[in-house]
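See structure below.
Please treat every number below as a calculation from the coordinates, not as lab data. Just so you know, these numbers come straight off a predicted model, no measurement behind them. A quick note on method: Cβ atoms are made from the backbone with ideal geometry, for glycine too, and the neighbour counts reach across all protein chains shown.
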Amino acid sequence: MYDLIIIGGGPAGYHAAGLAARGGLKTLLFEKRGLGGVCLNEGCIPSKALLYSAKIFDYANGGGKKYGVTCENPVFDYAAAVRRKDGVVGRLISGIEASLKSAGVEIARERAVIAGKTGGGFTVEAAGTAYQARNLLICTGSEPVLPPIKGIESAMTNRECLELTEVPMTLAVVGGGVIGLEMAGLFNSAGSVVTVYEAADKIAGPFDREISGMLQKIYEKKGVVFKLNAAVKDIAELGAEKTLVSVGRRAVTSGIGLESVGVPTGRGAVLTDEFMKTGVPGVYAAGDVNGKSMLAHTAYREAEVAVNNMLGRRDIMEYGAIPSVIYTSPEAAGIGETAESAREKGISARETKLPMQYSGRFMAENEGEGGLCKLVWAGERLIGAHMLGSPCSEIISTLSAVMFREMGIEQIKKIIFPHPTVAEIIKEAIFHA
Ligand code: NAI
């Protein structure tokens, strides 16, 4: 009898497994594909490795000129970049495996299905063997939405896109959200002619409208074509050598035996409360499978909350200050309300905004480029922050901490930022608030 069986070894599952085992729970983790899940194998990490190669190539391929650096005949050896990406992923997976083993987690590389509840525990079956546990943690993640678009079977999802070893001449991207924009940026740098088709009237989903517009203009200058209000109906009509479909993800709730123990689902996801409990005592769920935020960093925190509650340490999941980032070049990052979303919710909010050029470090490292920092206030309290300009993916965490601790404007003013850093834009923006 295990104390805990976890189904799914992505960020939620593997993080929970290590914490649970270190907390004294006899833990078994099932993963049918690769440890690290979508994030490590076909999402966050491989895309960042390739985008970094693209950034270096951009500098070599004329981007360095304005800094006084030129290169003759630079080559983007895409296959070599993919091999490096695979190496990065492989090393990270080995690291997770070693860390879990040293914590005492048992790892089974099988597809597991919940088979029912007996006596004091739950039964999980995998490869013809039955396993028993007092608690279950469901971390089966999400999969790409494949809408009923004609010819969709010929299109790539993020998985196949990140496995390409050759750069297509032309790439159509259906969906101008996070995945679509990051892949558009990558293949634009690598030499593809890229067209992004977006059903909405703006790219980048819920990101601040002004920042989305600026990002679109930057990529238009680099040659990416954007078609807005363009809901794609037929892949063949796009006429591209390769097509990426990135129109969202949905929770994986079927084929895992949820019904055998009566785990409630709603809107295609496992329902969870603030303790990550599912409503069936002893069954928890964390990560994309609950459909709440679908971000790896949310999954980590949800895993902590689930395990802490299993260990009898009361912990609550808060969704109010979760940052999101688009790893384009430049990066965009946001957290909390935009002025627009605050207005829609009837919150009386004011916005302060400052060009990134107020940061000396930004000026030193972003010749001729613009950027923006916007802070959204409800009275003295920061309720949102939105930025365009690298490395705002790193800077946004400061604002997560500020929002999480609900710091007021006078407290934020006393934070000392290292100089010169781009993060000082926060201080500048606060003094303009
Ligand atoms: P998304 O929800 O970010 O964007 C999908 C876009 O597709 C929307 O803008 C939607 O209007 C559009 N769309 C829907 N149907 C369409 C159609 N028929 N034709 C044209 N456009 C259409 O979804 P995406 O990019 O697939 O990403 C999925 C999830 O993966 C994200 O929500 C996020 O949780 C995660 N992710 C996060 C990343 C990050 O944090 N940097 C990077 C990659 C993925």
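Label point 7 Å out from VAL75 along Cα-to-Cβ: which residues of region 39-61 have amide N under 19 Å?
53-61
Could you work out the mean projected area of the convex hull around the alpha carbons of the chain, in square nanometres to one decimal? Write out the running numbers ahead of the final one.
Details: hull surface 88.7 nm².
Orientation-averaged projected area of the Cα hull: 22.2 nm².
What does the charge count near VAL105 come to, summing +1 for each Lys or Arg and -1 for each Asp or Glu among other residues with Cβ under 10 Å from its Cβ?
+1
Pairs of Cα atoms under 8 Å, at least six residues apart: use those to get the relative contact order of the chain, whole percent. Don't jump to the answer; show the numbers that get you there.
Working: 882 pairs, mean separation 63.1, N = 433.
Normalised by residue count, the contact order of the chain is 15 percent.
Cut-off 10 angstrom, C-alpha nodes, Gaussian network model of the chain. Which of ARG250, ARG91, ARG350 fluctuates the most?
In this elastic network of the chain, the residue with the biggest mean-square fluctuation among ARG250, ARG91, ARG350 is ARG91.
Sort all Cα-Cα distances of region 176-307 into consecutive 10 angstrom bins from zero, then give the percent of pairs in each bin up to the one containing the longest distance.
Bin by bin from 0 Å, the calculated values are 11, 32, 24, 22, 11, 1.
With N denoting the number of residues in region 275-433, provide Rg(C-alpha) divided by 2.2 N^0.38 Å, to two decimal places.
Details: Rg = 17.6 Å, N = 159, 2.2 N^0.38 = 15.1 Å.
For region 275-433, the normalised Cα radius of gyration comes out at 1.17.
Computed over the Cα atoms, what is the radius of gyration of region 316-394 divided by 2.2 N^0.38 Å, N being its residue count? Intermediate values should be presented prior to the final figure.
Details: Rg = 13.7 Å, N = 79, 2.2 N^0.38 = 11.6 Å.
The reported ratio for this selection is 1.19.
So, counting K/R as plus one and D/E as minus one, what does the shell of residues with Cβ under 12 Å around PHE122 add up to?
Details: positive: LYS117, ARG134; negative: ASP3, GLU125.
Its environment carries a net charge of 0.
For region 52-95, just the Cα set please: Rg and Dmax, both in angstrom.
13.6, 41
On full extension of the chain, what length is gained from GLU153 through GLU106, given 0.36 nm per residue of separation minus the C-alpha to C-alpha distance? Kindly include the intermediate steps, with their values, before the conclusion.
On the way: separation 47, 0.36 × 47 = 16.92 nm, distance 3.72 nm.
Here the answer is 13.2 nm.
Using the 2.2 N^0.38 Å rule of thumb for compact globular proteins, work out how region 1-155 stacks up: its C-alpha Rg over that value, please. Let's see the in-between values first.
Working: Rg = 21.2 Å, N = 155, 2.2 N^0.38 = 15.0 Å.
Dividing the Cα Rg of region 1-155 by 2.2 N^0.38 Å gives 1.42.
By what distance, in whole Å, do the Cα atoms of region 372-433 stretch along each of the three principal axes, largest value first?
28, 21, 20
Once the Cα atoms of region 144-244 are picked out, what are the Rg and Dmax in Å?
My reading of the Cα-based Rg and Dmax gives 12.7, 35 Å.
HN-Hα J couplings of region 166-177 from phi, Karplus 6.51/-1.76/1.60, θ = phi - 60°, integer Hz, Gly and Pro as x?
After applying 6.51 cos²θ - 1.76 cosθ + 1.60, I find 10, 8, x, 5, 10, 10, 9, 10, 9, x, x, x Hz.
Suppose the Debye formula is applied to equal point scatterers at every Cα of region 26-82; what is log10 I(q)/I(0) at q = 0.12, 0.21, 0.22, 0.25 Å⁻¹?
With one equal scatterer per Cα and no solvent, log10 I(q)/I(0) is -0.46, -0.83, -0.86, -0.97.
Count the DSSP beta bridges whose two residues both fall in the chain, then state the antiparallel fraction as a percent rounded to the nearest 5. Before the final figure, lay out each step's value.
Working: 39 of 68 bridges.
Taking every DSSP beta bridge with both residues in the chain, the antiparallel ones total about 55 percent.
Using the Kyte-Doolittle scale, find the helices of the chain whose mean hydropathy is at least 0.5 and whose Cα atoms extend 15 Å or more along the helix's long axis, counting only whole DSSP H runs. Present the calculation step by step, with values, prior to reporting the outcome.
Working: long enough: 11-22 (17 Å, 0.12); 44-58 (21 Å, 0.65); 78-103 (38 Å, 0.19); 178-190 (18 Å, 1.23); 209-221 (18 Å, -0.82); 296-310 (21 Å, -0.41); 392-404 (17 Å, 1.49).
The qualifying helices are 44-58, 178-190, 392-404.
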